Amino acid sequence: MRNAVAAVALAVVLVGCSSGTQSSAPGSSSPGSSPSGTSTNAPGSSGTPGTGSSGTNPAPPVQPPVSISEEKPVVPPNVTPVAKEKVDTTSLSDTYRDEAYVFGDGRDVEVFGVGGGCKEARAEITGQSADVVQITLVTITKQPAGTVCTQEVRQVPLTVRLDAPLGDRRLVLEAREESA
């Protein structure tokens, strides 16, 4: 009887862990999103699958096509890396990747945030002009009372949807940390 109760409890925990939760380990790429133009995808984060732009252009769910395998990106043939000289990461620490990718109709941009333990990652489009697109990589620390968080850091693929294709515009990546 004790084994049956333990098996049921384990099944409930596993179902609860997989229900509506997006997890990103290195090599995986399942995004979630909020309708405010941000894209989330972090270990332990939960969100609605999809991506957004400035909130005025709802988009169908888009999964990041690039994944990380043994710290190297795995880039499918239908994905275009943004030229290094077009990606400005001067304000980012070495913890962040200095690369970005464009796919779909040219409006979907994939970048990499930082997550792990009690940290979730989100990307926000913070500016779009004819010359520059600014994306802020947000790391949110969520540590429920009475819990202990591991300190591992993972690269988390994040996708945002621009109002217009990136084209020749310069991409500026910045970072911000928040507590929840």
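Calculated accessible area for the range 100-166 comes out at 37 Å² per residue, all protein chains present (probe 1.4 Å; ligands, DNA, RNA ignored). Projected label points at residue 85 and residue 178, each 7 Å from Cα along the beta carbon direction, are separated by 3.6 nanometres.
Scaled against 2.2 N^0.38 Å for its residue count N, the alpha carbon radius of gyration of the range 128-180 is 1.57.
First compute the accessible area of the range 57-180 with a 1.4 Å probe, then give the percent of it belonging to carbon and sulfur atoms. Each step should come with its number before you reach the end.
Values: 3120 of 6290 Å².
Of all accessible area on the range 57-180, carbon and sulfur atoms account for 50 percent.
Could I have the simple spin-label model distance between residue 151 and residue 126, label points 7 Å from Cα toward Cβ, reported in nm to one decimal? The modelled label-to-label distance comes out at 2.6 nm.
Per-residue packing, averaged as other Cβ atoms within 10 Å, sorts the ranges 143-149, 94-100, 77-83 into the order 94-100, 77-83, 143-149, beginning with the highest.
The values are calculated or read from the model by the stated rules, or taken from the named source; none is laboratory data. Computed from a predicted model, the values in this text were never measured in an experiment. Please note: Cβ atoms are built from the backbone with ideal geometry, for glycine as well, and neighbour counts cover all protein chains shown. SASA here: full protein model, heavy atoms, side chains in, ligands and nucleic acids out. Shrake-Rupley method; radii C 1.70, N 1.55, O 1.52, S 1.80 Å.
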